[in-house]
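Working notes, beginning with the structure itself.
The values are calculated or read from the model by the stated rules, or taken from the named source; none is laboratory data. Note that the coordinates shown come from a computational prediction; the quantities given were computed from them, not determined experimentally. Every residue, glycine among them, receives a Cβ derived from its backbone with ideal geometry; neighbour counts consider all protein chains shown.
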Amino acid sequence: MRTHSPTEFFPAARLQKARLQTDPVADAAVEGLFAEHNFRQLNEWIAALVRNDQPVPDEFASSLSRYFADTSALPEWASRRKMQQGAAFFARHSRPILSILGCYSLPYCYAAADGAQVLWLSQRIRNDARRRLAETAQFLLEVMDKNAFASAGKGIRSIQKVRLIHAAVRYHVNQSGQWQETWGAPVNQEDMAGTHLSFTYIVLDGLTKLGFYYSQEDAEAYLHLWNVIGRMLGMHEDMLPQNLKAAYWLDRRIRERHFRPSEAGAGLTKALLDCMTETVPSAMAADFLPSYMRFLLGDKVADLLAVPAGKAASIALGPIRVGNSISGLFNQFNRSPADQITDMLLGELDGTGGRTGFSVPAKLRSQTGDMRL
């Protein structure tokens with residue numbers, strides 16, 4: 001992988017070029033499906049593939065067979081040792097990370113006004129936020145499993161499916177007549193880099209804000225694992241931050257370039273909050289969740305997403321005091337609202353296991369003491 005000097009982390013010219021770049025490999029597969037008139041069978045076909053060592057069915061269209069063959073290898077620079085260390089890091093913090101996913105990572109992506117347009121136009125999130133949230137959590141758990149990249153694992157197949165979905169979304173949005181060239185290409189390389197940050201740098205920042213402590217070595221291993229995933233999702237190598245310093249600068253560049261108020265960002269955030277407050281039906285929880293989101297995002301980003309300022313916002317939510325402050329507020333619950341959101345995600349995944357072949361790991365499902373909120 002290319003090494004950046006401290007003065008050239010993700011220059012503006014590179015990021016602007018990346019807004020016009022997508023993923024030719026996956027795009028060719030989707031275009032081939034349309035050309036062969038087999039696209040309607042895509043969901044049925046890819047649902048049949050679950051394990052990494054499962055052979056591609058003979059019924060697959062030729063373009064789809066080529067795609068699955070060409071995208072199954074790990075990058076040459078991938079370190080199995082670091083990947084295992086990154087997966088172990090996730091396992092230790094899986095429940096708070098799921099909470100961060102819903103209340104920090106996703107709205108972080110919505111704050112990038114141009115990138116949020118593809119999510120807004122596709123309507124999948126605003127029309128069925130709960131299912132989309134569960135699908136994201138499912139992908140996370142599949143690629144973070146300790147055996148994700150073993151022959152009997154599910155990580156490679158899961159990555160291939162998501163990469164194909166990105167290409168399908170690009171195809172449909174481009175055909176819709178609603179896309180504006182000023183936004184760049186749908187699901188472009190810069191926006192994929194922002195999404196990559198939401199699973200790496202933003203997750204690590206969220207853990208720090210919540211008072212969880214970890215070594216730099218573990219954090220770098222977690223980043224390395226996600227760099228492997230990002231490359232297999234079709235990201236260009238020079239868009240992958242190779243260390244935490246590079247991730248910091250990429251986050252800063254994207255915020256400066258794209259974070260601003262938008263109808264798409266505010267609408268997606270509202271759909272997300274509505275989904276979570278419906279899941280945890282309590283007046284106190286409904287007040288806590290936007291405050292929790294504000295705490296993680298910071299007021300500046302929360303304001304541009306129109307996140308309500310609840311009563312709980314006046315509480316001192318510092319990294320050390322957050323656990324004691326919130327547990328005192330919600331002593332009437334067996335579990336805090338943030339923990340209930342995690343439980344909702346896991347319950348939703350268990351509910352879809354019959355369709356997707358996914359099931360929540362028993363250890364994660366029964367875990368009760370990992371959350372500090």
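Values for this structure:
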| item | result |
| --- | --- |
| Qualifying residue in segment 238-250 (condition: surrounded by fewer than 16 Cβ atoms within 10 Å (Cβ to Cβ), touching a residue at least 60 places away in the same chain (Cβ under 8 Å) and within 27 Å of Ala167 (Cβ to Cβ)) | yes |
| Residue check for Ile202: out of contact with any Lys or Arg (no Cβ under 8 Å at 6 or more places or on another chain) and buried (at least 22 other Cβ atoms within 10 Å of the Cβ) | yes |
| Test result for Ile100, buried (at least 22 other Cβ atoms within 10 Å of the Cβ), within 20 Å of Ile46 (Cβ to Cβ), hydrophobic (A, V, I, L, M, F, W, C) and within 14 Å of the chain's Cα centre (by Cα) | no |
| Single match in Ala221, Ala134 (criterion: at pLDDT below 95, among the aliphatic types (A, V, I, L, M), within 26 Å of Ser72 (Cα to Cα) and crowded, with 18+ Cβ neighbours inside 10 Å) | Ala134 |
| Per-region count, segment 71-96, residues buried (at least 17 other Cβ atoms within 10 Å of the Cβ) and among the polar types (S, T, N, Q) | 3 |
| Ala185 vs. criteria farther than 17 Å from Ile159 by Cβ, outside any helix (DSSP H, G or I) and touching a Ser or Thr at 6+ places or on another chain (Cβ under 7 Å) | yes |
| Set Met293, Met284: member being part of a helix (DSSP H, G or I), modelled with pLDDT under 95, out of contact with any Asp or Glu (no Cβ under 6 Å at 6 or more places or on another chain) and surrounded by fewer than 18 Cβ atoms within 10 Å (Cβ to Cβ) | Met284 |
| Total residues in segment 199-218, condition over 23 Å from Ser79 (Cα atoms) and among the charged types (D, E, K, R) | 2 |
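To keep it simple, each residue is scored yes or no on (1) in contact with a helix residue (DSSP H, G or I) (Cβ under 7 Å, 6 or more places away or on another chain); (2) surrounded by fewer than 22 Cβ atoms within 10 Å (Cβ to Cβ); (3) farther than 20 Å from Ala271 by Cβ; (4) not β-branched (Val, Ile, Thr).
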| residue | (1), (2), (3), (4) |
| --- | --- |
| Ala113 | yes, yes, no, yes |
| Ala116 | yes, no, no, yes |
| Leu121 | yes, yes, no, yes |
| Ile165 | no, yes, no, no |
| Asp191 | yes, no, no, yes |
| Gly206 | yes, no, yes, yes |
| Leu210 | yes, no, yes, yes |
